[in-house]
Amino acid sequence: MKPFMPAASPLTLAALVAAMALLAVLPSARAQSYCASDGQPQPTQLLERFINADCADCWSDPATPPAGAGQLALDWVAPGEHGDDAPLSAVARRDATDRLEALGQRIPEKALVSRHTVRGLKSTTLRVSHGLPVADYIGASIELKPVPATARKQRWTAWLALVETVPAGTEGSPVARNLVRNVLHTIWDGRKPLLKTEQNRFFEVRSMNIAPGTNPGRLGVIGWVESEKGQVLMAAQSHCDTH
């Protein structure tokens, strides 16, 4: 496996595939499997586990903290100094570096654990969803609804991670993991002036590239929203119901 690298230029086929993937998350789409966070309990804490790709033993470290009750876990592998020669380079992503920077952290020498309380927003729901994989793409979405009054004078950041669920004992991992395979993060600006006919909507839908070596049958999405101060306001994880 090689780290995901975006295409240098868009191709007609890729655009077609992306469009098909997006259709999978639209309400009018009919699919064999529907995957969304609907009906799932609201997490109380976001648990982020970071590993340096140079650390061969970090993935199988028995001291790795498992996700407890109410915790939503994310696993990031950050690029190491050895580049493609690093033991975990196959699943390393530059997104991990971006996330660490957002947290005010550097790439750890070995591993780093970060925990964030999910504060919650009264009468507001965060919904994430995804469709079925189509070639190397999958359609995914994130929406905060309704937009709370507290957001109208702030800039919030929405994160949507495409993750591969790795059960405990698989690939040598002592804990169940949600390995980050791709990431989207965007700014939801509640300060933006609107026309009288417009409504503020915090919603994003995209086609996301599936990294080589990913098991499509284990894919899901995890999303969360942060305030300007970096507080995690809401978090959600998709769940698949097969029809």
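Quick notes
- Backbone amide hydrogens, once placed in the peptide plane, bring Trp188 within less than 5 Å of Trp156, Thr157, Ala158, excluding anything fewer than 5 places away on its chain.
- Here the Karplus relation 6.51 cos²θ - 1.76 cosθ + 1.60, evaluated at θ = phi - 60°, turns the backbone of the range 69-82 into coupling constants of 4, x, 8, 10, 9, 10, 10, 10, 10, 8, x, x, 5, 8 Hz, with x for every Gly and Pro.
- For the range 225-236, 3J(HN,Hα) per residue [Karplus equation, 6.51 cos²θ - 1.76 cosθ + 1.60, θ = phi - 60°, Hz, x = Gly/Pro]: 10, 10, 7, 4, 8, x, 6, 7, 8, 8, 8, 7
- Ala63-Cys240 pseudo-label distance in nm [points 7 Å out on the Cα-to-Cβ vector]: 3.5
- Potential extension, Ala176-Arg155 segment - 0.36 nm per residue separation minus Cα distance: 4.2 nm
- Among Asp241, Asp54, the ranking by other beta carbons within 10 Å of each residue's beta carbon, starting with the fewest, stands as Asp241, Asp54.
- Among the GluC sites (Glu not before Pro) found in the range 39-118, those both in a DSSP coil and sparsely packed, with 14 or fewer other Cβ atoms within 10 Å of their Cβ, are Glu81, Glu109.
- Highest average packing first - 231-239, 137-145, Cβ atoms within 10 Å: 137-145, 231-239
- Amide H contacts of Val183 (H built 1.01 Å from N, under 5 Å, at least 5 apart or other chain): Leu162
- The mean of 1/r over all distinct Cα pairs in the range 43-117, once inverted, gives the Kirkwood hydrodynamic radius of 12.6 Å.
- Kirkwood analysis of the Cα pair distances in the range 94-174 returns a hydrodynamic radius of 16.4 Å.
- Within the range 39-146: Cβ-based charge dipole about Cα centre, in debye rounded to nearest 20 (Lys, Arg +1; Asp, Glu -1): 820
A short reminder: the numbers here are calculations on the coordinates, not readings from a lab. Keep in mind that what you see is a predicted model, and the values were worked out from it rather than measured. Heads up, the Cβs are rebuilt from the backbone with ideal geometry, glycines too, and the neighbour counts pull from every protein chain shown.
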